[in-house]
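Engineer: I'd like to ask you about the structure that follows.
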Amino acid sequence: MTNKRTIIALAAAGLVAGLVAGTAAPAAAQEHQVPPPAMKWSFAGPFGKYDEAQLQRGFKIYKEVCSSCHSMDLLSIGSLADAGGPGFTAAQAAAIAATYKIADLDDKGQPIERAGRPADHFPAPFPNAAAAAAANGVAPPDMSTLAKARGYQRGFPTFLFDIVTQYQEAGPDYIHAILNGYKEAPKGFTVPAGGHYNEYFPGHVIAMPQPLADGQVTYDDGSPQTLAQYSKDVTAFLMWAAEPKLVQRKRTGFQVMIFLILLSGLLYFTKKKVWSAVH
Amino acid sequence: MSGNSTYQPQSKVLQWFEKRLPIGGLIHSSFVAYPTPRNLNYWWTFGGILTMMLGIQIITGIVLAMHYTPHVDLAFKSVEAIMRDVNYGWLLRYTHANGAAMFFFAVYIHMFRGIYYGSYKEPREVLWILGVIIYLLMMATGFMGYVLVWGQMSFWAATVITNLFSAIPGVGDTIVTWLWGGYAVGNPTLNRFFSLHYLLPFVIAGVVVLHIWALHVAGQNNPAGIEPKSEKDTVPFTPYATVKDGFFMACFLILFAWFIFYVPNFLGHPDNYIPANPAVTPAEIVPEWYYLPFYAILRSIPDKLIGVLALFGSILILAFLPWLDTSKVRSGRYRPLFKQFFWLWVIACIGLGWLGSKPPEGIYVILSRLFTLYYFAFFLIVLPLLGFFEKTKPLPNSISESVLGAKA
């Protein structure tokens, strides 16, 4: 009883003190962020699917551009042939794997480099985070989960509507905006050494130099070789890398929904029938 | 658990077994013949929903633990391996992660219902306190589960929450070192959190058994807040409550499935897809949404120790509710003043939840303080005084009368 009183008295005293003290709490440095434009993605919505050709183009950009600095080591190379992904055949994935050199040991325990196999994960461009940081200023983030590890504040009440509209593309929208966000710094804005001005990066100073420009990667399928196209393709690829089971998830979800709605309906009428006896 | 069972098994084998261990009779008297008030509304289906959620969490959790590795270098990778390489691993993990949120969503409705209809009042005080204990255990379990992912938010949430104990005068730092198993959040911390995260759900299950036992001794409260007087006031649990609970469980599962299959990362923070890095502090450290009101209470008070006491006090105060509320009338339906203060309190709780996600500056701090003040005033001033001053509406003579009255 005394214990309870003490706690209550302390709590009450704290509250009064808190109110009297006013707003002395230090202001958190909330960096201004420009909301990225919302793009149309093939994988959005309840029936969303990845566009195989787009993922294959995105993979080409990853392989020729991104992978020289960014690792993506949670993915096996063979997963390129998994259902719901870029749609490479198992033979194509094995051929892609063979183009990578993988560090291993031979049967005498000596370090060797061998050709990659589908079960190998994508090799990292740097041996460790310190080496990556030394070469780039800061260590480039791993790309395996990047599309889910980025986003932006949606604000009230938009974030509530997002439940109904199934908006889960804040990450891809943000990455796409960053790739298109390299601009001349406005007058009076000093970009520190080693930094680059980007409209959509929080604080506008990003360590990564502009990675993609028009005509940089050659497409084999006749798609436009522009930054606008590249940025969409590589972003879609990164979304697949982060969420490779998205297509299965949404398809299973539709089946589960139909089942649950039918079950609820049947239970509702059963309930009505059972309770009609006592009402 | 209430009264003598009239259960008579048909088969000879079951009769033989029943004589030696009358478990069939126990189940029959608890979940078949058990009399439930006939006027229960859908807010009363959340007890069943919560039992289902506990079951879902335990089953998905056991399978996830078969694939998870509690080591600082491997935890994040093993979670991603579950998402990528384990058959239906994405389904298990998204069900478990969103299941925790759904579990809390259901428990909050269950608690608001209990408070509105005075379900904590005599003779249900022990039943209520057992519920508060379950809620505390849920909070501990949910927090430790969130840490297991070992993303940035996991790591920094663990750091912030365990650091709360450093506010204890004298022994605070020693306690924190003891909790960590070292001088920082590290591998020993992750290991013990995994061990406890596996243990506590079974403790919860044990307290749930006591909670249901206490419920079946005292009998269910009901929207009228008066005890059943005759057989006309009750209906047997099966089929009436079973089918009603079943229907609403299925509806609840639709909401749950929506989150799992369509917006599985809506309730999570993007930073938790970045592996834990003790060298980089995230721009904002935000707890899961179900802890936000308490986080707001903590931050509304400038003194750390008093803030921590207010945080724990805001939960522990619930255990004293049966004695803080002095009104003789149970149900809020017949308490016009209580009703207004109650909804104001619900608004304060939701408001605190919103403020917990905001930076602690400017108007947000002032609002947090006002809502925190009202949160405690509701328990410490409003409820004790209302019992003396409130003019309550006349109670119906019986449950069946209240049902007929409502239909007219």
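The values are calculated or read from the model by the stated rules, or taken from the named source; none is laboratory data. Nothing here was measured: the structure is a model prediction, and the numbers come from that model. Note that we place each Cβ from the backbone using ideal geometry, even for glycine, and neighbour counts take in every protein chain shown.
Engineer: Under the condition of being of a type in the set (Ser, Thr, Tyr) and without any contact (Cβ under 8 Å) to a residue 40 or more places away in the chain, which residue from segment A:125-173 is farthest from the other protein chains (Cβ to nearest Cβ)? Let's see the steps before the verdict.
Structural biologist: Of segment A:125-173, the ones of a type in the set (Ser, Thr, Tyr) are A:144-145, A:152, A:158, A:165, A:167.
From what is left, the residues that are without any contact (Cβ under 8 Å) to a residue 40 or more places away in the chain are A:158, A:165.
Working: A:Thr158: 12, A:Thr165: 9 Å.
Result: A:Thr158.
Engineer: For segment B:83-187, which fully contained helices (runs of 4 or more DSSP H) count at least 1 residues that are within 14 Å of chain A (Cβ to nearest Cβ)?
Structural biologist: Details: elements: B:89-116, B:125-148, B:152-163, B:172-180.
The qualifying helices (runs of 4 or more DSSP H) are B:89-116, B:125-148, B:152-163.
Engineer: Can you say whether B:Ile347 is under 29 Å from A:Gln153 (Cβ atoms), without any contact (Cβ under 8 Å) to a residue 12 or more places away in the chain and more than 10 Å from chain A (Cβ to nearest Cβ), as far as the supplied structure shows?
Structural biologist: Numbers: under 29 Å from A:Gln153 (Cβ atoms): yes; without any contact (Cβ under 8 Å) to a residue 12 or more places away in the chain: yes; more than 10 Å from chain A (Cβ to nearest Cβ): yes.
So B:Ile347 passes the test.
Engineer: Filter segment A:248-271 for residues that are in contact (Cβ under 8 Å) with a residue 12 or more places away in the chain and surrounded by 19 or more Cβ atoms within 10 Å (Cβ to Cβ); which is nearest to the other protein chains (Cβ to nearest Cβ)? Working first, answer last.
Structural biologist: Just the residues of segment A:248-271 that are in contact (Cβ under 8 Å) with a residue 12 or more places away in the chain, to begin with: A:248, A:250, A:253-254.
Filter again for surrounded by 19 or more Cβ atoms within 10 Å (Cβ to Cβ), leaving A:250, A:253.
Values: A:Lys250: 6, A:Gly253: 3 Å.
Ranking the candidates gives A:Gly253 first.
Engineer: Okay, next question. Give the residue, chosen from B:Leu215, B:Leu190, B:Leu196, that is surrounded by fewer than 18 Cβ atoms within 10 Å (Cβ to Cβ) and touching a residue at least 40 places away in the same chain (Cβ under 8 Å). Reasoning before the result, please.
Structural biologist: Numbers: B:Leu215 fails: surrounded by fewer than 18 Cβ atoms within 10 Å (Cβ to Cβ); B:Leu190 fails: surrounded by fewer than 18 Cβ atoms within 10 Å (Cβ to Cβ).
Selected residue: B:Leu196, the only one of B:Leu215, B:Leu190, B:Leu196 that is surrounded by fewer than 18 Cβ atoms within 10 Å (Cβ to Cβ) and touching a residue at least 40 places away in the same chain (Cβ under 8 Å).
Engineer: Take the residues in segment B:199-233 that are among the small types (Gly, Ala, Ser) and outside any helix (DSSP H, G or I); name whichever of them is nearest to the chain's Cα centre (by Cα). Give the derivation first.
Structural biologist: Initially, segment B:199-233 is screened for residues among the small types (Gly, Ala, Ser), giving B:205-206, B:214, B:218-219, B:224-225, B:230.
From the residues that got through so far, the ones that are outside any helix (DSSP H, G or I) too are B:219, B:224-225, B:230.
Working: B:Gly219: 21, B:Ala224: 24, B:Gly225: 22, B:Ser230: 33 Å.
This residue is B:Gly219.
Engineer: Would it be correct to say that A:Pro36 is modelled with pLDDT of 95 or more, surrounded by 16 or more Cβ atoms within 10 Å (Cβ to Cβ) and closer than 25 Å to A:Pro209 by Cα?
Structural biologist: Values: modelled with pLDDT of 95 or more: yes; surrounded by 16 or more Cβ atoms within 10 Å (Cβ to Cβ): yes; closer than 25 Å to A:Pro209 by Cα: yes.
Spelling it out, A:Pro36 is indeed modelled with pLDDT of 95 or more, surrounded by 16 or more Cβ atoms within 10 Å (Cβ to Cβ) and closer than 25 Å to A:Pro209 by Cα.
Engineer: Hey, could you check segment B:308-337 for residues that are more than 12 Å from every other protein chain (Cβ to nearest Cβ) and among the aliphatic types (A, V, I, L, M) and say which is surrounded by the fewest Cβ atoms within 10 Å (Cβ to Cβ)?
Structural biologist: Step one: list which residues in segment B:308-337 are more than 12 Å from every other protein chain (Cβ to nearest Cβ), which gives B:318, B:321-322, B:325-337.
Still in the list and also among the aliphatic types (A, V, I, L, M): B:318, B:321, B:329, B:337.
Values: B:Leu318: 20, B:Leu321: 20, B:Val329: 21, B:Leu337: 16.
The extreme case among them is B:Leu337.
Engineer: Output the residues belonging to segment A:123-150 that are within 18 Å of A:Met208 (Cβ to Cβ), out of contact with any Leu (no Cβ under 9 Å at 6 or more places or on another chain) and of a type outside the set (A, V, I, L, M).
Structural biologist: A:Pro125, A:Phe126, A:Asn136, A:Gly137, A:Pro140, A:Pro141, A:Arg150, listed by residue number.
Engineer: For segment B:324-338, what are the residues that are part of a helix (DSSP H, G or I) and in contact (Cβ under 8 Å) with a residue 60 or more places away in the chain? Steps first, please.
Structural biologist: At the first step, the residues of segment B:324-338 found to be part of a helix (DSSP H, G or I) are B:324, B:332-334, B:336-338.
Listed by number, the residues that qualify are B:Leu324, B:Gly332, B:Arg333, B:Tyr334.
Engineer: For B:Val329, indicate whether it is under 18 Å from the mean Cα position of the chain (by Cα) and either among the acidic types (Asp, Glu) or closer than 25 Å to B:Lys391 by Cα (or both).
Structural biologist: On the way: under 18 Å from the mean Cα position of the chain (by Cα): no; either among the acidic types (Asp, Glu) or closer than 25 Å to B:Lys391 by Cα (or both): yes.
No: the conditions fail for B:Val329.
Engineer: Within segment A:221-242, does at least one residue satisfy the condition of being more than 14 Å from every other protein chain (Cβ to nearest Cβ), assigned to a loop (DSSP other than H, G, I, E, B) and touching a strand residue (DSSP E or B) at 6+ places or on another chain (Cβ under 7 Å)? Can you show your working first?
Structural biologist: From segment A:221-242, those more than 14 Å from every other protein chain (Cβ to nearest Cβ) are A:221-237; that's our starting set.
Imposing the further condition that a residue be assigned to a loop (DSSP other than H, G, I, E, B) reduces the set to A:221-226.
Retained after the next criterion (residues that are touching a strand residue (DSSP E or B) at 6+ places or on another chain (Cβ under 7 Å)): none.
No - not one qualifying residue is present in segment A:221-242.
Engineer: In addition: Give me a count of the residues in segment B:260-282 that are under 24 Å from the mean Cα position of the chain (by Cα), more than 7 Å from chain A (Cβ to nearest Cβ) and part of a loop (DSSP other than H, G, I, E, B).
Structural biologist: Residues in segment B:260-282 being under 24 Å from the mean Cα position of the chain (by Cα), more than 7 Å from chain A (Cβ to nearest Cβ) and part of a loop (DSSP other than H, G, I, E, B): 4 in total.
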